[in-house]
């Protein structure tokens, strides 16, 4: 089952302007795990995520996906294994219709048209957006766009699914729907979010990142009930773990 | 400033469409050869940006009229001429389709007028040499003004030529020119300032955007401003001379507008026009019209003919009116009926 | 036209284009070709022709009715874009003052006749163009143009523009509204604010393009935007173009109103 491994070994990254965004990150994610990544703004969550599909390459250290080490020339292969859903769905739905967007990945994989059609139907069905197939993205609501954005990635059947703030700016119903979608997957999942309740609902394990380094790594239940740890990282207890304080 | 179908003849419209399609094909081919992938989404989104910013107006201080951004020059600076032309063409196409700016036949003319001159003439020949390495705000301002003015002057001249060659509007070449050119001179100056302003803003905020796209130093980066101005002036003189010669080919128009200005009135011209107009009217009310492709230049040659009144058969014209009325009634009646029928059967 | 008005007009036309009627279902190529033939036929009439243009109204009227496009909407848009044509055409009576009789006892200057002709041609061509867009989704038109031979790079550019048009219009609107609030009632704003607004929008656009490119790479993009649609022409499409073309040719070369009028008068005795 090693092809579902994601490993970071002492990864460091410095932006062209000199900012050191990652300072020696090390962790291992194995097959079928669901991992949340939390931290204060600017702690390095997004930078970390961008390394997972080779959008950024480490300044030093190693990223390995399955048996494949991340390098300039192995990026296309890595991208077949790791699917990333970025924060803003509008940036990921760039084709004229929903169908075209979801088909984009499989077509780039070289699949023949009927296989592509199958993949598109399956992916849309999984996220509950089959009825939207012929619509242009700008006719969709925020929740619909998020769902379709997820579909565009899972249509490629990646081994590992990475998501950056999947429920930001979604209304409660759409948010619940996205949580449902995520829970229905059995790939390895990595979710970066401020929405700690979502992390609690979706992830079994949690990493806390601060100033470019991992400061905590353990079961989500444990980490997310450690109020002190959370406070140190500009976070609060998930709402579901907070008692409702009596009004004074 | 957008050409309209109704002012166009099929020959002129077709010719400019052919030219535009050729230019699109050429630019696409050249771009494919050395396209950086990341340009593909950039061109698309920039097109949307130009479209959106053309919908924003601002008031010009002192005049109360509104101005806006053309966009061709900024695109050329950022993307190079071929990509810039494709983006402008796409913007104009979407405007033609969604705003009905002129019509489908005129789109060929509009893409030519507003795309070719800024991207393939004004940018390489005027902006680039004047702007140099793009670091001096003063050079950029001069370059933007000069290229903006020239691009629009050429575009306006094009519109006048297309209108005159089509022969649908009776406005004489010279008079039209005298109206269009000064207006577009003013527009060009405003656009030049705004373009320079935006370029300056972008350079201040994120200089690498503009720097990164220059694949090679522009030719003449070291040429002095003065030598270029002299060259430009010479070009303007030559162009002005050519324009005057062109205008003089249609002496009636130019003389008329000069006559109007000096208050001498245009009677002599009208006497020539009367027999010709009548003659052509006779032709047209004849049973089989079909001379729509003749350019008006033929008709304008003054001929010595005794004026005669139109020999319109009163019977034929009454039939025409009856028939015309009936056609309209039936046509719109059908439309109304279809809609009413649909309305009844709709849930 | 104000920004808001233009934006909502655009949105309305766009939504209309996704409806499902007999006309919407026609192949985009057929509609594009028919509309172009229409424009050429209309425009090929001589400058003083009015009567023979009238039968041509059947094309936009039928398309609009069968395509369920609100007539008032189209009419308003035609009027809204007429200023340039009116401005130029309006000078015809000034420059062309030969007098002609258009009916027994009624004479006007030829310039008015040609001006009226320009207006009729304008109404015909603009309404036909609008109806093309109203009955064909923009991506559909692009696919049709691709099949008709336009370069793939340009078509992909059109599609990208369209996709992000509404996104950018919304961003622009937010910025414009913010500016209006800060202007304290001064209509419009100076060039300085405009430059800042446009400059900001430009930077955001470039940043957005970077993110889109990242998303494209993440899904395996290697330079060619893939497409899968294969649309074949159906009989209805061919029939449509043939019928339309035939009708235009008939009305171009046979003076239909006069013929009808003669018939009626002949029948009346």
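Overview of values
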{"item": "Candidate set: segment C:61-73, residues that are part of a helix (DSSP H, G or I) and within 9 Å of chain B (Cβ to nearest Cβ); chosen: the one surrounded by the fewest Cβ atoms within 10 Å (Cβ to Cβ)", "result": "C:71"}
{"item": "Breaking point among (1) more than 8 Å from chain B (Cβ to nearest Cβ); (2) surrounded by 20 or more Cβ atoms within 10 Å (Cβ to Cβ); (3) not in a helix (DSSP H, G or I), for residue C:22", "result": "(2)"}
{"item": "Qualifying position, being assigned to a loop (DSSP other than H, G, I, E, B) and either more than 8 Å from chain A (Cβ to nearest Cβ) or farther than 19 Å from residue A:94 by Cα (or both), among C:224, C:210", "result": "C:224"}
{"item": "Any hit, segment C:103-115, residues being within 23 Å of residue C:38 (Cβ to Cβ) and without any contact (Cβ under 8 Å) to a residue 40 or more places away in the chain", "result": "yes"}
{"item": "Positions within segment A:55-77 being within 10 Å of chain C (Cβ to nearest Cβ) and either touching a strand residue (DSSP E or B) at 6+ places or on another chain (Cβ under 6 Å) or closer than 30 Å to residue A:141 by Cα (or both), in sequence order", "result": "A:55"}
{"item": "Residue in segment A:93-115 that is over 20 Å from residue A:167 (Cα atoms), touching a strand residue (DSSP E or B) at 6+ places or on another chain (Cβ under 8 Å), within 12 Å of chain C (Cβ to nearest Cβ) and without any contact (Cβ under 8 Å) to a residue 40 or more places away in the chain present", "result": "no"}
{"item": "Qualifying residue in segment C:38-52 (condition: part of a helix (DSSP H, G or I), closer than 26 Å to residue C:232 by Cα and more than 10 Å from every other protein chain (Cβ to nearest Cβ))", "result": "no"}
{"item": "Helices (runs of 4 or more DSSP H) within segment B:82-197 that include 3 or more residues under 25 Å from residue C:163 (Cα atoms)", "result": "B:104-111"}
{"item": "Test for residue C:32: is it more than 8 Å from chain B (Cβ to nearest Cβ) and in a helix (DSSP H, G or I)", "result": "yes"}
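Residues are listed down the side, and each one gets a yes or a no for (1) within 11 Å of the chain's Cα centre (by Cα); (2) farther than 30 Å from residue A:137 by Cα; (3) buried (at least 23 other Cβ atoms within 10 Å of the Cβ):
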residue	(1), (2), (3)
C:99	no, yes, no
C:108	no, yes, no
C:112	no, yes, no
C:116	no, yes, no
C:121	no, yes, yes
C:126	yes, no, yes
C:130	yes, no, yes
C:134	yes, no, yes
C:138	no, no, yes
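Values in this text are rule-based calculations from the coordinates and carry no lab data. The model shown is predicted, which means the values in this text are computed figures rather than measured ones. Ideal geometry is used to build each Cβ from the backbone, glycine not excepted, and the neighbour counts take in all protein chains shown.
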